[in-house]
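In what follows, a single structure is set out as structure tokens and then discussed.
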Amino acid sequence: MGRAAFGLAVGCAVVSCAIAAVLVRKGVERRAKWSRVVGVLREFEEGCSTSGHRLRQVVDAMAVEMHAGLASEGGSKLKMLLTFVDNLPNGNEKGLYYALDLGGTHFRVLRVHLKGTKQKILDHKVEKQAIPPHLLTGTSEELFGFIALTLKRFIEKEGDDFELQPVSRRDLGFTFSFPVRQTSVSSGFLIKWTKGFAIEDMVGKDVAECLQSARTMLGLDVRVAALINDSAGTLALGHYHDEDTMVAVIIGTGTNACYIERADAIIKCQGLISNSGGMVINMEWGNFWSSHLPRTPYDVDLDAESPNPYDQGFEKMISGMYLGDIVRRVILRMAKEADLFGEVGKSLSEPFTLRTPLMCAMHQDESSDLREVARIMEETLEVSNIPLRVRRLVVRVCDAVTRRAARLAAAGIVGILKKIGRDGKGGSSSNSSEGVRRTVVAIEGGLYENYSLFREYMRDALEEILGEEMSQNVVLRLSQDGSGLGAALLAAAVSSSSSLSSLV
Ligand code: BGC
């Protein structure tokens, strides 16, 4: 071999070695990055873990906090608010009632025709309107002006298609799904806003009065017969259909629960007048807090950047307003950790770009190549060409967030059952001679209704905590439109107290 050929061969060998070295280094780097991404996921899954033991701790904490909230005002982060609903509809209600439903992204007006005994709800008409976003942070006058105007237009559209009895005034139930300190069944002061509403001048004002002044300005002859929380409306509708309904839970944009409590257990209001010996308590469980809740750094950041830091801790782990954003935060961290999608775009860094219904669609993507995951990531988070293994990780993040939410909600429910002695652990009701009593929990809200995996996880957790046999006595029943129909029913029940049914 000549010198030139030898030199060429050596040169080629050196270049090949260099290329091989680069490839090896790249491979090592890729593997290291991938293991960092997997590490982020594992750490998150561990942080979200809800073992049976932990869930039982949450159950106990919920029951303890319920006692504390009932013992004194401010005794717990659980407000345990009186609703003054001490009787629930029983099917004898008759007449035409209206309902207003405000609490999420939409506002609804309903007209409900009740036919009395056994005939239950005869028919109803609903109108739904998106709330213009500027009203969420404007003034109370603007918000209530909008509500009263929508009601006025609804009433004006009423033709001869229904018989309006010769009444001079319309009675309505107003579902206002925020924490309200009630002063009667038809009045109460807003304590604070949740779910992204922030109308400063409204805090501390009487909600029914705000509506009353707006409707007076419009010349509407309507009376707020009942001012209620959506959870109370759900309980009313649930009880109307099935008298074993003792608890109602909302799992939608926000989350909350209410239940029927014995009047003598409401220590902070001794001497409270209750016709039935009981009262519906609006727990405002979205604000529940316990050191046993599995909180991750992503939850801490979400809370700190929210309009209501240190508030609604349980809600921020459970409800539809937040779940998508927790997932987005984990994906963002993975992307940054390992340069997963090249430069991180604006959408992935921006809070609330990944809404919960989209997260749910990714989680429930059953295609073999997870193309729905890829489509949603591309359209909403602006990241494309995502390898299949990354799509799989995204699904696991959705799974961890949803599992934790559903299992915590189940633990919350068992906490309530424990408080009222219906968890099969020797409370007064469960020890009755007839054996363990059947308890129905009415559940409403878009997240619960539209997310089958959420419902599955919740049912499984309930069974895990209560045991298979006991859990047979607890019925989780999907309720539809308790926040609307329930308000009309309660307005009817309050207006004609002869139709009331005893609570305890
Ligand atoms: C509110 C509750 C409401 C729940 C569900 C929470 O943010 O504080 O009053 O019941 O959302 O709508």
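The values are calculated or read from the model by the stated rules, or taken from the named source; none is laboratory data. A quick note: this is a predicted structure, and the numbers were derived from the prediction, not measured. Cβ coordinates were reconstructed from backbone atoms using ideal geometry, including for glycine residues, and neighbour counts include every protein chain displayed. These area figures cover heavy atoms from the full protein model, side chains too; ligands, DNA and RNA do not enter into them. Shrake-Rupley method; radii C 1.70, N 1.55, O 1.52, S 1.80 Å.
Once the convex hull of all Cα atoms in the range 230-338 is built, its volume per residue stands at 137 Å³. The residue among F454, V185, G95 whose Cα reaches farthest toward the positive pole of the charge dipole of the chain, with charges on the beta-carbon of Lys, Arg, Asp and Glu, is F454. For a paramagnetic label modelled on S35 (point 7 Å from Cα along Cα→Cβ), amide N atoms under 20 Å away belong, within the range 328-355, to 334-340. Given an 8 Å cut-off on Cα distances and at least 6 residues of separation, report the relative contact order of the range 211-255 as a percent. Relative contact order here is 26 percent. Computed in the context of the full set of protein chains, the accessible area of the range 73-139 at 1.4 Å probe radius has 52% of its extent on carbon or sulfur.
One-quarter of the Cα convex hull surface for the range 315-362, in nm²? Could you put the intermediate results ahead of the total?
On the way: hull surface 13.2 nm².
If I average the Cα hull's projected area over directions, I get 3.3 nm².
Y457 contributes about 40 Å² of solvent-accessible surface, heavy atoms of the protein only, 1.4 Å probe. Out of all Cα-Cα pairs in the range 38-197, roughly what percent, to the nearest whole number, are more than 25 Å apart? For the range 38-197, the fraction of Cα-Cα distances above 25 Å is 54 percent.
If the only charges are +1 at each Lys and Arg Cβ and -1 at each Asp and Glu Cβ, what is the size of the charge dipole of the chain around the Cα centre, to the nearest 20 debye? It would help to have the intermediate numbers written out before the result.
Working: 59 positive and 62 negative charges, 269 e Å.
That gives a dipole near 1300 debye.
Residues K152, K418 ordered from highest to lowest accessible area at a 1.4 Å probe: K418, K152.
Restricting attention to the chain, close to 65% of DSSP beta bridges with both partner residues there are antiparallel.
Close amide-amide hydrogen proximity is noted between G188 and T183, V207, A208, E209, each under 5 Å apart and 5 or more residues distant or on a separate chain (H modeled in the peptide plane; Pro and chain starts excluded). Its relative contact order, with pairs defined as Cα atoms under 8 Å and 6+ residues apart, puts the chain at 23 percent.
Which distance in Å, rounded to a whole number, links the C-alpha centroids of the range 214-228 and the range 42-61? Comparing the Cα centres of the range 214-228 and the range 42-61, I get a distance of 46 Å.
When the charge dipole of the chain is built from unit charges on Cβ atoms (+1 for Lys and Arg, -1 for Asp and Glu) and taken about the Cα centre, the candidate among C210, T105, V395 whose Cα reaches farthest toward its positive end is V395.
Evaluated at q = 0.06 Å⁻¹, the base-10 log of the normalised Debye intensity for the chain, with identical point scatterers placed on the Cα atoms, takes the values -0.33.
Are there GluC sites (Glu not before Pro) in the range 364-403 that DSSP marks as loop and that have at most 16 other Cβ atoms within 10 Å, and which are they?
E366, E382
Distances between every pair of Cα atoms in the range 266-401, grouped in 10 Å steps from 0 to the bin holding the largest one, split as 11, 36, 25, 13, 7, 6, 1 percent.
Send over the semi-axes of the range 179-218's equivalent ellipsoid, whole angstrom and largest first, taken as the square roots of 5 times the C-alpha gyration tensor eigenvalues. Walk me through the numbers before you get to the answer.
Details: eigenvalues 64, 40, 10 Å².
After scaling each eigenvalue by five and taking roots: 18, 14, 7 Å.
What accessible surface, in Å², does a 1.4 Å probe find on H134, ignoring ligands, DNA and RNA and rounding to the nearest 10? For H134, solvent-accessible area is about 120 Å². A Cβ-based charge dipole, computed about the Cα centre of the range 281-369 with Lys and Arg at +1 and Asp and Glu at -1, lands at about 100 debye. Close amide H partners of L272, meaning residues 5 or more places away or on another chain with modelled amide H under 5 Å apart, do not exist here.
Calculate, for the chain, the solvent-accessible area per residue in square angstrom, rolling a 1.4 angstrom probe over the heavy atoms of the protein chains.
Numbers: 21770 Å² over 504 residues.
Value for the chain: 43 Å² per residue.
For the range 25-113, give the magnitude of the charge dipole about the Cα centre (Cβ charges: +1 Lys/Arg, -1 Asp/Glu; no others), in debye to the nearest 20. All intermediate terms of the calculation are to be shown ahead of the outcome.
On the way: 14 positive and 10 negative charges, 193 e Å.
Charge dipole, the range 25-113, about its Cα centre: 920 debye, nearest 20.
My understanding is that a pair violates if its Cα-Cα distance is over 21 Å; which of K125/K152; K195/K268; K195/K419; K205/K268 do that in this structure? Those over the limit are K195/K268; K195/K419; K205/K268. Of the residues S347, I318, G278, the one whose Cα sits farthest towards the positive end of the charge dipole of the range 262-349 is G278 (charges of +1 on Lys and Arg Cβ, -1 on Asp and Glu Cβ, taken about the Cα centre).
Between helix 3-47 and the chain there is an angle of about 20 degrees, using the helix long axis and the longest principal axis of the Cα atoms.
For the range 194-295, what's the relative contact order in percent, using C-alpha pairs closer than 8 Å and at least 6 residues apart? Mind dumping the intermediate values first?
On the way: 88 pairs, mean separation 19.6, N = 102.
Dividing the mean separation by the residue count of the range 194-295 yields 19 percent.
Taking max minus min of the alpha-carbon positions on each principal axis, the range 164-253 gives extents of 42, 40, 23 Å, largest first.
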